[in-house]
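Just below is one structure, and these are the notes that go with it.
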Amino acid sequence: MGATRELLLPATLIGCGALQYWGEQPFLVVVACALPMLALYAVAPAWAARSLARFDRESIALLAAGAHAELRARYRRALGMRLFAPPALRAERKAMVLLECGDPHGARAAYGEVLDELGSSAPPRVVLGHAHASFATRDDATAIAMYRRVLGSVGALPGVERKLAHALIRKGENLDEALELLSRTEREAALGEQKQAHALLRALAFAKRGERERASELLAQVVTPSESLSELHAEVVRRLEGAVAPLT
């Protein structure tokens, strides 16, 4: 149970002592003040479990609707979870909310708390969340390690393999492995923005290897990149224009 609950008993004892010996209050007044704190201590585990389950259930609907502001507000209202849930579970929910609401730095720190507490027993969703947050903050070394850990525990996942390939290419290491990962996931990226991202990632990998012709061919497939891919598209263009020297 969360550390907040464990503070209730010593806080109650200190408060009762202060009321009786310093405040010189009657014994019945001291007992009346202590009872709510003791009752809260007793019901805290059940309150935390119900609050956690309710938050999980409602957050799924909010995520599906893309209601990020409502998700943050719903997290703030989950008092039982935030006060009395086990620290790792509380930090995991906080990290998820921060990541979904566009704060990858905060999410990375919160996922780090979970990993520090759970270590190797952390569930894959926590490791994956930490990987995504690290990727979003351009900490590619950590993202690569975390993506490898997820793939090692749950097996092939095309979306995770593409993220791993992207991190490898962005970091400029193991480009052959990155291209192999993209080749394996090509069928799942056959349409729309995923197809554009796939082509641009391969183009960047070839450009970093100095294979300008192959990179140019792939770049030509993306005439009008989506807004989310504009930065990646610009990086490929810079490579091909010689603004960045090829990796050797």
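Each value in this text was obtained by applying a stated rule to the coordinates, not by laboratory testing. Since this is a predicted model, take the numbers as computed values, not measurements. Positions of Cβ are backbone-derived with ideal geometry, glycine not excepted, and every protein chain shown enters the neighbour counts.
Suppose each label sits 7 Å from its Cα in the direction of the beta carbon; what would the residue 226-residue 70 distance come out to in nanometres?
So the two model labels end up 2.3 nm from each other.
In Å, what is the Rg of the alpha-carbon atoms in the range 172-248, and how long is Dmax?
Calculated on Cα positions, Rg and Dmax stand at 11.7, 33 Å.
Which of the residue pairs 94/171; 163/208; 171/208 have a Cα-Cα distance greater than 20 Å in the structure shown? Write out the running numbers ahead of the final one.
On the way: 94/171 28 Å; 163/208 18 Å; 171/208 10 Å.
Listed pairs above 20 Å: 94/171.
Quick one: net charge of residue 110's neighbours, Cβ under 14 Å, K/R +1, D/E -1?
Values: positive: 72, 82, 90, 93, 94, 108, 125; negative: 92, 100, 103, 113, 116, 117.
In short, +1.
Sorted by packing (mean other beta-carbon atoms within 10 Å per residue), highest first, where do 125-138, 172-185 land? Mind showing how you got there, number by number?
Details: 125-138: 21.2, 172-185: 17.1.
Peptide ranking by packing, descending: 125-138, 172-185.
Can you list the HN-Hα couplings for the range 135-151, worked out from phi with the Karplus curve (6.51, -1.76, 1.60; θ = phi - 60°), rounded to whole Hz and with x for Gly and Pro?
4, 5, 8, 6, 8, 5, 4, 5, 4, 4, 4, 5, 5, 4, 5, 5, 5
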